[in-house]
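Have a look at the structure below before the remarks.
No value in this document is a laboratory result; all are computed from the given coordinates. Every value quoted in this text rests on a predicted model; they were computed, and no experiment measured them. Neighbour counts are summed over all protein chains in view; Cβ atoms, including those assigned to glycine, are modelled from backbone coordinates with ideal geometry.
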Amino acid sequence: MPELPEVEVTRLSIAPSLRGSIVLQAHLGKPLRWPLGCRTGHLVGRHVGDTQRRGKYLWIPLGPRPGRAADDAGGLLLHLGMSGSLQWVGVGSSQAGPAGPLDPPGKHDHFDLVTTQGTLRLHDPRRFGAVVWSDALTSDPAAKLLQRLGPEPFDPALDDAAFHARLRARRSAIKQVLLSGDAVVGAGNIYACEALFAAGIDPRTPACRISRARAARLLAAVRHTLSRAMAVGGTTLRDFRDAHGMSGEFQNEAQVYGREALPCHHCGTPIRRLVQAQRATYYCPMCQKR
DNA sequence: AATGGCGCCTGAACGC
DNA sequence: TGCGTTCAGGCGCCAT
């Protein structure tokens, strides 16, 4: 399940390959969450810029078409949804087939961006993901999709006081507030559970009832958990891979996620599972307090 | 206006 | 073996 670490790992695995290339063609498969918003031919001939990330979205800047003014530029906003992953096949790679630089799209390959340096392919069985053209990050539809996102976890402007203030504005359980991305973006179900364990906070605690000191611990725990996950290539529960096929290792370090009834690594108490907002939450009833 | 719930999708795991 | 059911969940959207 791509959360912020998986998206960042993906970004790092495609940015150097894509940067400086020129789009030769693009192909669409089955419909994704939202329509592309332009014809695939609209992308051809554009210079590819440096891939950026905001929350769990990726932004691939595309320069103006040949002979057009600067305001013809735009880019692609990508989201990996639940089951999306990107694959990069470089020109001259061993995966190059007789038909061209890449095998024909498989059943779950729904977008190809063919460039002078290689092909970026989106694989997404559940199709909760999206690829959307936008004239700029600050124009719709990108702006509309990004406007509601909370602060980035590693934004220096997000200090303990700011984070605490955001928690105080929410009466929902802290687990749901983390998932909503209102107080800080990037923690999905796995990392929200892990960060709450690391901070020793019961996932059912109303966000507004968390003290300044505990909020500081939680913010540090979110940052530490996301950092650690990125350092080991993310979490591969089933099929997450970076664009070069590398799987992640964080699943081996999970303290609570997916460990119902197994002993807590810290105190030995069986890990519990509960459902919050129709999503599984795992926690240690001994180590995590309200 | 914050908040809870729905629906989009498919494959894996499960029960009979 | 095969069928039906349940679960997984990011997140925009809707209703309250």
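Rounded to the nearest 0.05, what FRET efficiency is calculated for A:ASP50 and A:SER93 with R0 set to 30 Å and r the Cβ-Cβ distance?
Taking R0 as 30 Å, the efficiency between A:ASP50 and A:SER93 is 0.85.
Checking the a/c ratio against 1.5 first, then a/b against b/c, what shape does the Cα gyration tensor give for the stretch A:7-62?
Judged from the Cα gyration tensor, the stretch A:7-62 comes out oblate (a/c at least 1.5, b/c at or above a/b).
Among A:ASP112, A:ASP124, A:ASP155, the largest mean-square fluctuation in a Gaussian network model of chain A (Cα springs under 10 Å) belongs to A:ASP155.
Where does each of A:SER247, A:SER180, A:SER85 land when they are ranked from fewest to most other beta-carbon atoms within 10 angstrom?
Neighbour counts put them in this order, fewest first: A:SER247, A:SER180, A:SER85.
Of all lysines in the structure, the ones whose alpha carbon falls short of 23 Å from that of A:LYS289, not counting any fewer than 8 places away in one chain, are A:LYS175. Taking N as the number of residues in chain A, what is its Cα Rg relative to 2.2 N^0.38 Å? The reported ratio for this selection is 1.08. Of all lysines in the structure, those lying under 16 Å Cα to Cα from A:LYS107, and not within fewer than 8 positions of it along the same chain, are A:LYS30.
Annotation: the stretch A:234-285 has a Kirkwood hydrodynamic radius of 12.3 angstrom, from the mean reciprocal C-alpha pair distance. Here's the list of lysines a cross-link from A:LYS144 could span, going by alpha-carbon distance under 21 Å and ignoring same-chain residues fewer than 8 apart: A:LYS56. For the peptides A:161-168, A:142-149, the ranking by packing is A:161-168, A:142-149, with the highest mean count of neighbouring Cβ atoms within 10 Å listed first. For the stretch A:1-151, taking Cα atoms only, Rg and Dmax work out to 14.5, 46 Å respectively. Candidates A:ALA130, A:GLN25, A:VAL177 compared by Cα position along the dipole of chain A: farthest toward the positive end lies A:VAL177, with charges placed on Cβ. For the stretch A:25-95, what log10 I(q)/I(0) values come out of the Debye formula at q = 0.18, 0.24 1/Å, with one point per alpha carbon and no solvent? Relative scattering, expressed as log10 I(q)/I(0), comes to -0.89, -1.33. Among the DSSP helices (H) of chain A, those spanning at least 27 angstrom by Cα along their long axis with an average Kyte-Doolittle hydropathy of -1.0 or more are A:212-231; this is a geometric and hydropathy rule only.
Counting only Cβ charges, +1 for Lys and Arg and -1 for Asp and Glu, the dipole size of chain A around its Cα centre is about 1140 debye.
With R₀ set to 25 Å, the beta-carbon distance separating A:ILE22 from A:ASP72 gives a calculated FRET efficiency near 0.95. Is the stretch A:107-176 rounded, prolate or oblate when judged by the Cα gyration tensor, a ≥ b ≥ c being the square roots of its eigenvalues, rounded requiring a/c under 1.5 and prolate requiring a/b larger than b/c? Prolate shape, in that a/c is at least 1.5 and a/b is the bigger ratio. Extents of the stretch A:186-290, taken as max minus min of Cα coordinates on every principal axis and listed largest first, are 44, 29, 27 Å.
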